[in-house]
Amino acid sequence: MIYIVEDDENIREIEMFALKNAGYEVQGFENASSFYSRIREKAPTLVLMDIMLPDEDGLTIVKKLRSRSETRKVPIIMVTAKTTELDKVKGLDTGADDYITKPFGVMELISRVKALIRRSRGMDEERMLRFGPIFMDDERRAVFVSDSPCELTYKEYELLKLLLLNAGIVSSRDMILDRVWGTDFEGESRTLDMHIKTLRQKLGNAGTMIRTVRNVGYMLTGEN
């Protein structure tokens, strides 16, 4: 069950509709008090938390959740209209696991939720990532394709890791640039295309598994 804490009814309904269509059980709350009443009854699988709420700000709620044993490890994604790097850092330092900035695309929202739920199931899944013939040992920062070593640059490695963590899910260009190059990246998005090209080349035949999704981004898929 995913809990959405958002006072804007339109945004809350969009989030709930998107996640329900993706197969998740969802419950929405317009303020902190109704959320607290429900969470005392049942802990969620994940929380989407808006920062600006009418009765209590999201950062304070996250602090409280992290102070309670029953909710300490619940994955939390901050949803905020604030876009400065400092605001994002505050959210993560408070205890949030991820953040998404308004306005956001439905596909990006679902991708972030799926990736965070996958990660929350255990760190071992992050250390050893496999998709088809591609295998990544993140502890050794080593990549193998069909059991043969594949030498990648730092950015190529981080790009492949992001695609592996989101295998089967479209990762938007903005999200990739933000996660791999950082929130202060001011270069051309062409940089991403060039790294995708070299990554495909280094992966050999497995490089065809990186699919371009026109006007959206990229995804790792076994489908042709």
Revision key, fill the gap. Under a 1.4 Å probe, counting only protein heavy atoms, residue 70 has an accessible area in Å², nearest 10, of 100
Study note, to complete from the structure: To the nearest 10 degrees, the tilt of helix 85-94 (Cα long axis) against the first principal axis of the alpha carbons of the chain is 70
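If you take every DSSP beta bridge whose two residues both sit in the chain, what share of them, in percent to the nearest 5, is antiparallel?
Details: 16 of 32 bridges.
Percent antiparallel among DSSP bridges in the chain is about 50.
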Review point. Which angle between 0 and 90 degrees, to the nearest 10, do you get for helix 190-203 versus the longest principal axis of the chain when only C-alpha atoms count?
Key: 60
Point to revise | Qualifying GluC sites (Glu not before Pro) for the range 9-50 [loop in DSSP, other Cβ within 10 Å: at most 13] | key: 25, 41
Exercise for review: Quick one: compute the contact order of the chain, relative version, from alpha carbon pairs under 8 angstrom and 6+ residues apart, as a percent.
Suggested key: 13
Exercise for review: Taking the Cβ of residue 200 as the centre, find all other residues whose Cβ is under 12 Å away and add up their charges (Lys, Arg: +1; Asp, Glu: -1).
Suggested key: +1
Check your understanding: Share of the chain's accessible area from carbon and sulfur, percent, 1.4 Å?
Key -> 48
Check your understanding: Ignoring ligands and nucleic acids, what accessible area does residue 97 show with a 1.4 Å probe (Å², nearest 10)?
Key -> 70
Review point. Among 196, 110, what's the order by accessible area (1.4 angstrom probe), most exposed first?
Key: 110, 196
Review point. For a paramagnetic label modelled at 7 Å from the Cα of residue 178 toward its Cβ, which residues of the range 19-56 fall within the zone defined by backbone nitrogen distances under 18 Å?
Key: 19, 47-52
Check your understanding: Which whole-number value in Å² is the accessible area per residue of the range 124-183, probe 1.4 Å?
Key -> 48
Practice item. Give me the accessible area per residue for the range 1-105, probe 1.4 Å, as a whole number in Å². Key: 50
Review point. 222 nm [θ] for the chain, helices only, -39500 (n - 2.57) per DSSP H run of 4+, per residue, to 500?
Key: -12000 deg cm²/dmol
**Study point:** Listed residue (203, 51, 109) projecting farthest to the positive dipole end of the chain, Cβ model
**Key:** 203
Review point. Relative to the longest principal axis of the chain, what angle (0 to 90°, nearest 10) does the C-alpha long axis of helix 106-120 take?
Key: 90
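The values are calculated or read from the model by the stated rules, or taken from the named source; none is laboratory data. Computed from a predicted structure; not experimentally measured. Because the Cβ atoms are built from the backbone with ideal geometry, glycine has one as well, and the counts that use them run over all protein chains shown. Ligands, DNA and RNA are stripped out before the accessible areas are found, and what is left, the full protein with its side chains, is counted by its heavy atoms. Shrake-Rupley method; radii C 1.70, N 1.55, O 1.52, S 1.80 Å.
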